[in-house]
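Structure first, then comments.
Values in this text are rule-based calculations from the coordinates and carry no lab data. Just so you know, these numbers come straight off a predicted model, no measurement behind them. Note that each Cβ is placed from the backbone with ideal geometry, even for glycine, and that neighbours are counted across all protein chains shown.
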Amino acid sequence: MSKNIYLDNSATTKLNPIVLDEMMPYLKDMYGNASSIYSIGRESRKAIDKARDRVANALNANSSEIFFTNGGTESDNWAIKGVAFANRKKGNHIITTNIEHHAVLHTCQYLEKNGFEVTYLPVKENGIVDVNDFKKALRKDTILVSVMFANNEIGTVQPIKEIGEITKEKGIYFHTDAVQAVGNIPIDVNELNIDLLSLSAHKFNGPKGVGALYIRRGVNIEAFLHGGAQERNRRAGTENVAGIVGLGKAIEIATKDIEKKSKKLIELRDMTIKGLLEKIPDTRVNGDLQKRLPGNVNVCFKYIEGESILLLLDMKGVCASSGSACTSGSLDPSHVLLAIGLPHEIAHGSLRLTFSTENSKDDVEYLLDILPPIVQRLRDMSPLISKH
Amino acid sequence: MEGYSEKVMDHFFNPRNVGTLEDANAVGEVGNARCGDIMKMYMKIEDEVIVDVKFQTFGCGAAVATSSMVTELIKGKTIEEAMKITNQRVAEALDGLPPVKMHCSNLAESAVKAAIDNYREKQNGEKK
């Protein structure tokens with residue numbers, strides 16, 4: 001039987017069958033519009049309310065602070081543009097980091113074109129923002145801080161608690177893109193003083209096309225989509241009932257037993273990192289080894305290019321990703337790898353492996369068997385080797 | 001992402017003429033590591049005919065496949081014929097490349113020209 005080992009769980013995850021079961025009725029007989037008055041409409045409304053409670057529980061938020069969207073990108077767009085435009089009279093300055101997801105970076109660049117000033121904080125070599133740099137960047141006219149909870153490429157977990165304490169004290173809104181963190185790291189929006197938080201269902205075994213934005217009560221934010229009265233007049237459009245139900249079930253499952261789950265993922269992660277460093281010379285690990293998502297491995301193999309590694313891994317049944325230019329569709333490698341100070345030619349040789357609890361030690365052993373010869377094969381072909 | 005043709009995959013997985021030539025009398029290198037692809041072409045030219053050719057490539061699937069294909073296209077050809085190889089011709093021989101990968105075929109064309117230029121420079125040097 002041919003192997004199929006999925007090690008790209010930061011890209012997306014497999015839909016949990018229990019989640020699908022919970023969604024099915026709303027894709028079939030319970031098709032009512034949640035705004036309608038008759039019974040199947042009311043059933044949809046009830047299902048949405050239940051999902052909202054589940055998302056709120058997972059974050060220690062209030063249900064009235066959860067707003068459903070179509071995913072992480074929409075949540076990021078809404079949080080950042082919504083707060084910026086609503087608070088323009090208070091100030092014009094936004095702080096973010098240079099390792100954010102493009103959903104945040106490109107939204108900030110859009111705001112710059114519209115007259116806002118944005119500070120992009122650098123990160124240290126370990127891929128983590130320096131809180132002192134953050135403090136220095138604060139200005140009287142800073143209205144919003146957006147710092148991701150955990151990075152999607154190198155998995156580094158940012159100093160959210162420290163930042164939250166400062167933004168609370170200064171009365172500045174704090175948004176975090178927690179798309180990679182939810183379900184992997186316990187999150188309490190009150191303990192961490194988070195004002196806005198983006199999440200996406202398909203990153204924790206929920207369906208694609210649905211997410212949420214947590215908006216703390218009292219945050220001054222513009223509506224995102226104008227139209228009907230859905231989502232308390234802030235995000236118009238008939239609700240994606242089945243998707244929302246799936247999100248609710250998925251987040252409930254994902255946030256239960258987080259510690260047990262993360263223990264298993266850390267074991268697989270550290271076994272992989274150790275094995276790769278032992279077996280493949282000229283390998284470097286990207287991102288802090290401790291303050292890191294439990295299931296994230298990100299390494300660079302010198303002298304070779306990432307897409308070639310992915311194609312050869314695919315032939316052996318392993319799904320993974322890379323931050324090379326050829327996989328990003330541009331001429332530059334990943335902005336995250338450049339931000340941690342990697343030279344271009346090293347960044348092109350990156351490989352990201354992200355585990356789920358469905359993966360086993362056997363998967364890691366298989367990977368550690370097939371990857372060294374793949375790297376060697378590409379290095380034998382590389383003109384860079386002879387120069388070193 | 002847009003997929004590669006079967007021919008591209010074949011030339012990526014089983015590249016022809018990989019390696020170096022110890023008795024090469026023409027060597028050309030193009031691209032740069034910064035952009036993520038480098039091609040180095042080694043040729044042995046006798047009486048204006050490319051009797052042997054090898055390559056080394058650092059790059060993506062398309063970069064390896066175009067390198068491999070271009071060596072097949074020029075092996076046994078005169079340098080005059082080889083100079084006429086275009087990036088389009090290389091891409092066509094591979095049953096096309098995804099649009100974002102077309103620059104890889106430019107690299108293959110340039111690598112051939114760089115090697116032949118190197119050969120001519122050496123020849124001119126000897127004549128002087």
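Numbers below:
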read-out	value
Residue of A:Leu313, A:Leu247, A:Leu265 that the Gaussian network model of chain A assigns the largest fluctuation, springs spanning Cα pairs under 10 Å	A:Leu313
Tail fraction, Cα-Cα pairs, chain A, threshold 41 Å, whole percent	16
Least to most buried among A:Ser334, A:Ser35 (fewest other Cβ within 10 Å first)	A:Ser35, A:Ser334
Electrostatic dipole magnitude of region B:6-120 [Cβ: Lys, Arg +1; Asp, Glu -1; Cα centre; debye, to 20]	320
Within chain B, longest stretch clear of exposed GluC sites (Glu not before Pro) (DSSP loop, no more than 11 other Cβ within 10 Å)	B:23-128
For the protein assembly as shown, calculated [θ]222 nm from helices alone, where every DSSP H run of n ≥ 4 adds -39500 (n - 2.57)	-13500 deg cm²/dmol
Set of lysines with alpha-carbon distance to A:Lys136 below 20 Å, sequence-local pairs under 8 removed	A:Lys90, A:Lys124, A:Lys161, A:Lys168, A:Lys170
Label-point gap, in nm, between A:Cys319 and A:Tyr38 - each point 7 angstrom along Cα→Cβ	4.0
FRET efficiency, 1/(1 + (r/R0)^6) with R0 56 Å, evaluated for B:Glu22 and A:Thr12 via beta carbons	0.70
Extended-chain gain in nm, criterion 0.36 nm per residue less alpha-carbon gap, A:Tyr120 and A:Lys263	48.2 nm
Against the rule of thumb 2.2 N^0.38 Å, how large the Cα Rg of region A:175-251 comes out	1.14
Cα centroid separation, region B:44-70 to region A:232-274 (Å)	49
Label-point separation in nm, A:Asp369 to A:Arg217, each point 7 Å along Cα→Cβ	5.8
C-alpha center-to-center spacing [region A:129-203, region A:46-110] in angstrom	11
Region A:184-285: trypsin sites (Lys or Arg not before Pro) falling in loop per DSSP and having at most 15 other Cβ within 10 Å	A:Arg217, A:Lys256
Close Lys-Lys pairs in region B:6-120, where close means Cα under 15 Å and separation is 8 or more or interchain	14
B:Val53, A:Val123 arranged by Cβ crowding within 10 Å, fewest neighbours leading	A:Val123, B:Val53
Share of pairwise Cα separations in chain B, more than 19 Å, in percent	42
Antiparallel bridge percentage (DSSP; both residues within chain A; nearest 5)	55
Footprinting exposure proxy for A:Leu111, A:Leu138 (fewest neighbouring C-beta atoms within 10 Å first)	A:Leu138, A:Leu111
With Cα atoms, 0 to 90° folded angle of helix A:102-113 axis to chain A main axis	70
Sequence-separation-based contact order of chain B, relative, with Cα cut under 8 Å and 6+ spacing, percent	30
Paramagnetic label zone (point 7 Å from Cα along Cα-to-C-beta, A:Lys279; backbone N under 14 Å) in region A:287-328	A:313, A:316-318
Efficiency of FRET from Cβ geometry, B:Asn32 and B:Lys84, R₀ 35 Å, rounded to 0.05	0.85
